[in-house]
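What follows is a set of notes on a single structure, which appears directly below.
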Amino acid sequence: MNQAALVLGGGGPVGGAWLTGVVAGLADGGIDLMAAHTVIGTSAGAVFGARLASGEPARELYERQLADLDRVEMDITAIQTLRFLWAALATRDPERSVRRLGHAALTARTAPAQDLHATVRTLLRGATAWPAQALRITAVDAQTGSVEAFDAGSALDLADAVAASCAVPLVWPPTAALERRWIDGGTRSTGNLQLATGHRQVLAVSPVPTAIGPHPSAQQQAAQLRAAGAHVTLITPDADARRAMGRDLTANARRPAAARAGHRQGTDLAASVARAWPSSA
């Protein structure tokens, strides 16, 4: 088994801000996040996981949120929201739910694809090459609903992989890569903890523990990893963080408060995380 996996989940601009606070709080508390053998990122977690793996300090990610940098504008209409909910919730079958979302995404009129790619490249601060750190970026096949994990051997650059992971159905168009169309990696699992199978220690930071629809929660996935013998630490927003984040996870005005709430949680949890987390790769 590999030693440790760092799993960073999705949650929009506000959830991503909370996530940066958590990882900064952990780092400030002495946790070496890059002692992970593998970093697994989904949606917002793909953005910040890629930046961490590429060498950007966790503290810098956090401070940029406080300074209202790394802003993402997502103008989501009521019709888009209703279509998303209709597609995701009209069935209790997880496979059918994700395929319905994929079909809705493939047929929707959205912002141009180049807008998504430009946003992602700005968020990655110019990084397009895969880092030396083992990094896996999740996306969902819009036609089959299967989850895939891109890595350095996937024949596409880092920015294109992250764009695929961030292609929120009905907001951004499915991205084209490797002769397939891809939607947000968090469509059927916001954290994709199952991809950490085979690691002894798993540290998962999940801004939104459950995807919309009949899909397994981060808590359920963590339980499955524990049953397989892994030591899993799952961090989700506590009551104070949920209040700071609010219900609209695209509201940029909430990002600084969400980041501060995450930093408090990360700082408070650092000592307990340190008991299982490796001190070096």
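Here are some notes:
- Screening A58 with (1) free of Cβ contacts under 8 Å to residues at least 40 places away in the same chain; (2) open to solvent by 50 Å² or more (accessible area, probe 1.4 Å) gives one miss only, at (2).
- With respect to (1) modelled with pLDDT of 95 or more; (2) within 20 Å of E73 (Cβ to Cβ), the lone exception for A152 is condition (2).
- Residue list for region 27-65, restricted to those being at negative phi and part of a loop (DSSP other than H, G, I, E, B): G29, I31, D32, A36, H37, T42, S54, E56, P57
- Here W172 clears all of (1) at pLDDT 95 or above; (2) aromatic (F, W, Y); (3) in contact with an Asp or Glu (Cβ under 8 Å, 6 or more places away or on another chain) except the condition numbered (1).
- Taking region 100-120 as the range and being modelled with pLDDT under 95 and among the basic types (K, R) as the test, only R109 passes.
- Number of the condition not met by A155 [criteria: (1) among the small types (G, A, S); (2) at positive phi; (3) open to solvent by less than 60 Å² (accessible area, probe 1.4 Å); (4) free of Cβ contacts under 8 Å to residues at least 40 places away in the same chain]: (3)
- Any hit, region 251-268, residues being out of contact with any strand residue (DSSP E or B) (no Cβ under 7 Å at 6 or more places or on another chain), in a loop (DSSP other than H, G, I, E, B) and at pLDDT 95 or above: yes
- Some residue of region 220-238 being touching an Asp or Glu at 6+ places or on another chain (Cβ under 8 Å) and more than 26 Å from R64 (Cα to Cα): no
- A search for C-beta distances below 7 Å between a residue of region 258-281 that is under 14 Å from Q65 (Cβ atoms) and any residue that is of a type in the set (S, T, N, Q) and part of a helix (DSSP H, G or I), counting only pairs 6+ apart in sequence or on different chains, returns A259/T20; A259/Q65; G262/T20.
- Of all residues making up region 65-79, the number that are within 13 Å of V14 (Cα to Cα) and either buried (at least 18 other Cβ atoms within 10 Å of the Cβ) or more than 20 Å from the chain's Cα centre (by Cα) (or both): 3
- Selection from region 217-238 of residues that are touching a Lys or Arg at 6+ places or on another chain (Cβ under 8 Å) and crowded, with 20+ Cβ neighbours inside 10 Å: A230, V232
- Restricting attention to region 11-51 and to residues that are open to solvent by 10 Å² or more (accessible area, probe 1.4 Å) and under 19 Å from R125 (Cα atoms), the residue that is farthest from the chain's Cα centre (by Cα) turns out to be P13.
- Search result, residues across region 121-132 that are at pLDDT below 95 and open to solvent by less than 40 Å² (accessible area, probe 1.4 Å): A127
- Look at (1) touching a strand residue (DSSP E or B) at 6+ places or on another chain (Cβ under 6 Å); (2) crowded, with 24+ Cβ neighbours inside 10 Å and you find that S189 fails only one, number (1).
The values are calculated or read from the model by the stated rules, or taken from the named source; none is laboratory data. Remember, it's a predicted structure, so these values are computed and weren't measured experimentally. Backbone-built Cβ (ideal geometry, glycine too); neighbour counts: all protein chains shown. Accessible surface areas use protein heavy atoms only, side chains included; no ligands, DNA or RNA. Shrake-Rupley method; radii C 1.70, N 1.55, O 1.52, S 1.80 Å.
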